[in-house]
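Chemist: Got a structure here, written out as structure tokens. Questions coming.
The values are calculated or read from the model by the stated rules, or taken from the named source; none is laboratory data. Remember, it's a predicted structure, so these values are computed and weren't measured experimentally. Note: ideal-geometry Cβ built from the backbone for every residue, glycine included; neighbour counts use all protein chains shown. Accessible surface is based on the protein model in full, side chains and every heavy atom, while ligands, DNA and RNA are left aside. Shrake-Rupley method; radii C 1.70, N 1.55, O 1.52, S 1.80 Å.
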Amino acid sequence: MTAFAAFSAYLPQGPGWLPTWQLIVAVTATLNTIGNLTSIAASRKLYNATPAFVNPLQSRTFAIWTLTSAVVRYYAAYNIQNKMIYDIALFTYLFAFAHFGSELLIFRTARPAAANLSPVVVSTTSLVWMLTQYDFYVRS
């Protein structure tokens, strides 16, 4: 057995690329969680218009929110055809889009930058992908 074959056994086995995408986003969120638990620097990059508002408590709270979303997305990666998990994962992207969009456009705690635009792009891409492929994966 090659190293790749051994590694690929742990990857999502669902059809299409959406399960793999869910896993990539979940891993990225987990890494983001670690960054926000260990330092406020990552949170200050997100909320770059009001860095003085960012404190260790806010950063840790954001980390746990991110980790919660990551866990849901891990479950979605490996259970993509489960309607309930699919729906909950879809909502995590909707909440992320609403949060980051409102911080950029309503509360103005963030100015457009790579750190806060990437979650908007990921959440938008994921929402569109999941909504357009809903029947393929869930077959409701």
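Chemist: Is it the case that some residue within the stretch 82-101 is more than 24 Å from Leu11 (Cα to Cα), over 15 Å from the mean Cα position of the chain (by Cα) and surrounded by 13 or more Cβ atoms within 10 Å (Cβ to Cβ)? Working first, answer last.
Modeler: Of the stretch 82-101, the ones more than 24 Å from Leu11 (Cα to Cα) are 94-101.
This time we only want the ones that are over 15 Å from the mean Cα position of the chain (by Cα), so: none.
No, every residue in the stretch 82-101 fails to be more than 24 Å from Leu11 (Cα to Cα), over 15 Å from the mean Cα position of the chain (by Cα) and surrounded by 13 or more Cβ atoms within 10 Å (Cβ to Cβ).
Chemist: Can you find a residue that is open to solvent by 70 Å² or more (accessible area, probe 1.4 Å), modelled with pLDDT of 95 or more, in contact with a helix residue (DSSP H, G or I) (Cβ under 8 Å, 6 or more places away or on another chain) and not small (Gly, Ala, Ser) anywhere in the stretch 52-59?
Modeler: no
Chemist: Can you name the residue in the stretch 108-126 that is loosely packed, with under 14 Cβ neighbours inside 10 Å and more than 16 Å from the chain's Cα centre (by Cα) and is also nearest to Phe53 (Cα to Cα) among such residues?
Modeler: Looking at residues that are loosely packed, with under 14 Cβ neighbours inside 10 Å and more than 16 Å from the chain's Cα centre (by Cα), I get Arg108.
Chemist: Here is a check on your reading of the model: is Ala5 part of a loop (DSSP other than H, G, I, E, B) and not aromatic (Phe, Trp, Tyr)?
Modeler: Details: part of a loop (DSSP other than H, G, I, E, B): no; not aromatic (Phe, Trp, Tyr): yes.
No.
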